[in-house]
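A.B. asks: Sharing a structure here in structure tokens format.
The values are calculated or read from the model by the stated rules, or taken from the named source; none is laboratory data. For clarity, every value in this text was computed on a predicted model and none was experimentally measured. In this analysis, Cβ positions are derived from the backbone assuming ideal geometry, glycine residues included, and neighbour counts consider all displayed protein chains.
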Amino acid sequence: MFATKPKITLSLKVCKGHLLTIFLLALSWVCCPISNAQIAAERAILTGTIDHYEATIPMSITMHRLGLSSVTIYPKVNDKGDFYAEIDLYIPTQIWIGYKTNFSVVLHPRDSLWVSFDGNTYQRSALLSTIQFAGTAAVTNTQVAQFQRLYYASELYDQNKNYQAVKNYGPDQYMLFNDTIRQKGKELYAQFINANTTNEESKKWALFESESQYYDNIQFYAMNHKSANNLGSMDTTFVIPKGFYEKLGSRLPLHIDNLMNTNSILTFSSLFKFYINEQLRSLDTKDSNWGITPSGELFASTAISDSLILNSIVDYTTDPLLQEIMLSHHFSKKFQQQDFKTYEKFNTIVTKYIKSPFLRDPLRQEYLATKARVEHPELNSRAIFKDMRSSPVQGIMEDIFRSNKDKVIYIDFWATWCAPCLSEFSNSKKIEADFHDKAVSLVYLCLDSDLDKYKATVSKYDLGGQHYFLSAKQSAAIRELFKVGGIPFYLLIDKDGTIQETGNHLRPLYAKDKINKLLK
């Protein structure tokens, strides 16, 4: 979806030599209840080998953190396929390993986990059949991989069948279809238990995962149905009946043990807003500043949206753990937009309701880091900043062409409030490194944004390249010039200054091969 306007620390070391044997930490993680006392993140080591490794294909490690922003790193992989990463964790967390396809492992604080897999396949269930583990949590992860292999080969993962049901069924009929999905989840879990020797941790992980598709289907139905039938976001003809989202409440309460199913919890917590919106829809209000659409989306004026969202989470999310995660996520999204003042404005809610250290402590660290960036941005020396706010758009484009004569130019239109834009910056840095010694220039045009947040964002993501901040008038003009309907948006220009391709689809990793062709 394209945006329209409206730390956990990871560190890497270059691996040396073959890692078929590794030093394993003697201390293993023991899962226990988390208190409200101050706790510190603890380091885990994730290392391994990709058999049949191809250096042209990137390997990634992604952690979708509860209540916080996601982190993706691209560890160095040697010519034998060995990789090494260190990850600081507060709680057991689901980590995604990506190479051609991806799969997940469960990593605990202080773990030292080694994993090997065959890099020959793009098919997830085939890859999962090749996985081997050693080190702490090897037993749990072997069993988690076995469940994933069953799941991705099952009817539960039949995306085409679900798409057809989403597109063609009304709410009542779709809910009957979804009841069959719930039953299939139960059958899959029973199959897993009967076919494998499982420990308690893998049982809990698999049970929660087996129920996730059912709840995901409820939460995604309205959005996906409208998308499949080309209905606009504010369409009033499609109506979700009262009580449709009530079944989400049957998944509560959440338990600490569930948090290792990080992706499932994140999806559930992010879209539990539909349950809350259903409660809000029942209120008899004539307030024109906010409301709930017939399909269950909240709309609200900018002036009241934060207060409305935060207070409705407090009022209608009765499960304390889910409540904390949802509140943390709201503030973290603000930090991604370089907005620390919302956290300060609603600090009473922060203090009263966000008490779990694994949420409270890293959230405060994000707040302090964001505040420091905005108030004292330290712009990196690799970035070139050009102040052309008094120039017409034509002058900006002429400056870009003049400064990058005889080079391939890749232009990124972005904004500080655009989450999809920000999520691509790690990939932008990757292609920047790939082309650092070639005739390629990366140019960033920041639209419709606050100047202080612009500087802080460039500082946070440590972006190189050439940067232009456009005023509101310039932003409108350049959107019109290039027919920019949503961002991120990209231009790819060859060495002769001819625009070869434009669009939202031209994301950095997709553009890499196209840039290489223009260099020849």
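A.B. asks: Find all pairs meeting these conditions: Cβ atoms under 9 angstrom apart; at least six residues apart or on different chains; first residue within the range 311-335 and modelled with pLDDT under 95; second residue among the basic types (Lys, Arg) and assigned to a helix (DSSP H, G or I).
C.D. replies: Correct list of pairs: 334/341.
A.B. asks: Checking residue 133 against (1) at pLDDT below 95; (2) surrounded by 19 or more Cβ atoms within 10 Å (Cβ to Cβ), only one condition comes out false. Which one?
C.D. replies: Only one criterion in (1) at pLDDT below 95; (2) surrounded by 19 or more Cβ atoms within 10 Å (Cβ to Cβ) is unmet by residue 133, namely (1).
A.B. asks: Given the range 254-324, what helices (runs of 4 or more DSSP H) lie entirely inside it while holding 2 or more residues that are of a type in the set (Val, Ile, Thr)? Break it down stepwise before answering.
C.D. replies: On the way: elements: 262-271, 273-281, 302-316.
The qualifying helices (runs of 4 or more DSSP H) are 262-271, 302-316.
A.B. asks: Quickly run through the range 498-516 and pick out the residues that are among the basic types (Lys, Arg) and touching a strand residue (DSSP E or B) at 6+ places or on another chain (Cβ under 9 Å).
C.D. replies: 507, 514
A.B. asks: If you check 116, 104, which single one turns out to be among the hydroxyl-bearing types (Ser, Thr, Tyr) and more than 22 Å from the chain's Cα centre (by Cα)?
C.D. replies: 116
A.B. asks: Still on this model: Take the residues of the range 435-456 that are modelled with pLDDT under 90 and touching a helix residue (DSSP H, G or I) at 6+ places or on another chain (Cβ under 7 Å): which is surrounded by the fewest Cβ atoms within 10 Å (Cβ to Cβ)?
C.D. replies: Once the filter is applied, the top-ranked residue is 452.
A.B. asks: With (1) touching a helix residue (DSSP H, G or I) at 6+ places or on another chain (Cβ under 8 Å); (2) modelled with pLDDT of 90 or more; (3) outside any helix (DSSP H, G or I) as the list, and residue 505 as the residue in question, which single condition is left unmet?
C.D. replies: Residue 505 satisfies all of (1) touching a helix residue (DSSP H, G or I) at 6+ places or on another chain (Cβ under 8 Å); (2) modelled with pLDDT of 90 or more; (3) outside any helix (DSSP H, G or I) except (1).
A.B. asks: Spot the failing condition for residue 485; the list is (1) at pLDDT below 90; (2) buried (at least 16 other Cβ atoms within 10 Å of the Cβ), and only one is missed.
C.D. replies: Only one criterion in (1) at pLDDT below 90; (2) buried (at least 16 other Cβ atoms within 10 Å of the Cβ) is unmet by residue 485, namely (2).
A.B. asks: Please give the number of the condition residue 339 fails out of (1) within 30 Å of residue 497 (Cα to Cα); (2) touching a Ser or Thr at 6+ places or on another chain (Cβ under 8 Å); (3) in a loop (DSSP other than H, G, I, E, B); (4) among the charged types (D, E, K, R).
C.D. replies: Only one criterion is unmet by residue 339, namely (1).
A.B. asks: Keeping to the range 158-183, report how many residues are crowded, with 16+ Cβ neighbours inside 10 Å and at pLDDT below 95.
C.D. replies: Number satisfying all stated conditions: 1.
A.B. asks: Can residue 492 be described as in the same structural domain as residue 387 (by TED's automatic domain parsing), more than 27 Å from residue 370 (Cα to Cα) and surrounded by 15 or more Cβ atoms within 10 Å (Cβ to Cβ)?
C.D. replies: Spelling it out, residue 492 is indeed in the same structural domain as residue 387 (by TED's automatic domain parsing), more than 27 Å from residue 370 (Cα to Cα) and surrounded by 15 or more Cβ atoms within 10 Å (Cβ to Cβ).
A.B. asks: Does the range 179-208 hold any residues that are in a helix (DSSP H, G or I), polar (S, T, N, Q) and over 11 Å from residue 140 (Cα atoms), and which are they?
C.D. replies: 180, 183, 191, 194
A.B. asks: Would you please name the residue that is farthest from residue 447 (Cα to Cα), looking only at residues in the range 495-518 that are of a type in the set (Gly, Ala, Ser) and surrounded by fewer than 18 Cβ atoms within 10 Å (Cβ to Cβ)? Before the answer, list the steps.
C.D. replies: Within the range 495-518, the subset of a type in the set (Gly, Ala, Ser) is 497, 503, 511.
With surrounded by fewer than 18 Cβ atoms within 10 Å (Cβ to Cβ) added as a condition, the list becomes 497, 503.
Working: 497: 23, 503: 16 Å.
Result: 497.
A.B. asks: Turning to a different aspect of this structure: Anything in the range 44-60 that is modelled with pLDDT of 95 or more and over 18 Å from residue 130 (Cα atoms)? List them, or say none.
C.D. replies: Listed by number, the residues that qualify are 44, 45.
A.B. asks: Looking at residue 442, is it in the same structural domain as residue 408 (by TED's automatic domain parsing) and in contact with a Gly (Cβ under 7 Å, 6 or more places away or on another chain)?
C.D. replies: Yes, satisfied.
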